[in-house]
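> Take this structure first; my questions come after.
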Amino acid sequence: MDKKTQGIVLTVVSVLLCGCPGICLCLFGAMATAGVLPYNWTVGDQTGSGTMPTYMGVIGLCVAILLIAIPIVVAFLTLRKKPVPAAGPNDPIPPAL
């Protein structure tokens with residue numbers, strides 16, 4: 001497998017394993033930060049309800065940004081064109097055609 005194909009495969013795998021969950025977590029974090037995620041719980045005879053705390057939404061958004069950044073970094077590192085080193089002063093001169 002050549003380098004370009006390997007880079008494409010790594011990028012697709014990182015998008016599926018990190019990018020998609022990151023987007024879902026971003027939506028969850030935004031809803032939790034906005035205060036629109038209610039919850040209900042029942043333990044024995046006691047019940048309760050409320051909304052998710054804002055700090056949990058902010059933490060979710062931070063983790064989502066990290067997860068979304070991973071495929072971007074992988075794509076940049078694997079698919080970029082590496083610069084060709086320039087000829088130094090001690091390199092031989094190629095013959096003229």
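Yes or no, residue by residue, for (1) modelled with pLDDT under 95; (2) aromatic (F, W, Y); (3) more than 23 Å from T5 (Cα to Cα); (4) out of contact with any Phe, Trp or Tyr (no Cβ under 8 Å at 6 or more places or on another chain):
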| site | (1), (2), (3), (4) |
| --- | --- |
| I65 | no, no, yes, yes |
| I70 | no, no, no, yes |
| T78 | yes, no, no, yes |
| P83 | yes, no, no, yes |
| N90 | yes, no, yes, yes |
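> Tell me, yes or no, whether the range 69-80 has at least one residue that is among the polar types (S, T, N, Q) and either assigned to a helix (DSSP H, G or I) or touching a residue at least 60 places away in the same chain (Cβ under 8 Å) (or both).
Let us first name the residues in the range 69-80 that are among the polar types (S, T, N, Q), namely 78.
Imposing the further condition that a residue be either assigned to a helix (DSSP H, G or I) or touching a residue at least 60 places away in the same chain (Cβ under 8 Å) (or both) reduces the set to 78.
Yes, that holds for at least one residue.
> Select, from T47, T5, the only residue that is exposed (fewer than 10 other Cβ atoms within 10 Å of the Cβ), modelled with pLDDT of 90 or more and under 30 Å from K81 (Cα atoms). Before you say what the answer is, go through the steps one by one.
On the way: T47 fails: under 30 Å from K81 (Cα atoms).
Selected residue: T5, the only one of T47, T5 that is exposed (fewer than 10 other Cβ atoms within 10 Å of the Cβ), modelled with pLDDT of 90 or more and under 30 Å from K81 (Cα atoms).
> Here's another thing I want to ask about it. Out of (1) surrounded by 11 or more Cβ atoms within 10 Å (Cβ to Cβ); (2) assigned to a helix (DSSP H, G or I), what's the single condition that is false for Y55?
Exception for Y55: condition (1).
> Follow-up. Among what's in the range 1-23 and is free of Cβ contacts under 8 Å to residues at least 24 places away in the same chain and under 15 Å from the mean Cα position of the chain (by Cα), pick the residue that is farthest from L79 (Cα to Cα).
Result: C20.
The values are calculated or read from the model by the stated rules, or taken from the named source; none is laboratory data. In this text the structure is predicted, and so the values were computed from the model without any measurement. Quick reminder, even Gly has a Cβ in these numbers, built from the backbone with ideal geometry, and neighbours come from all protein chains shown.
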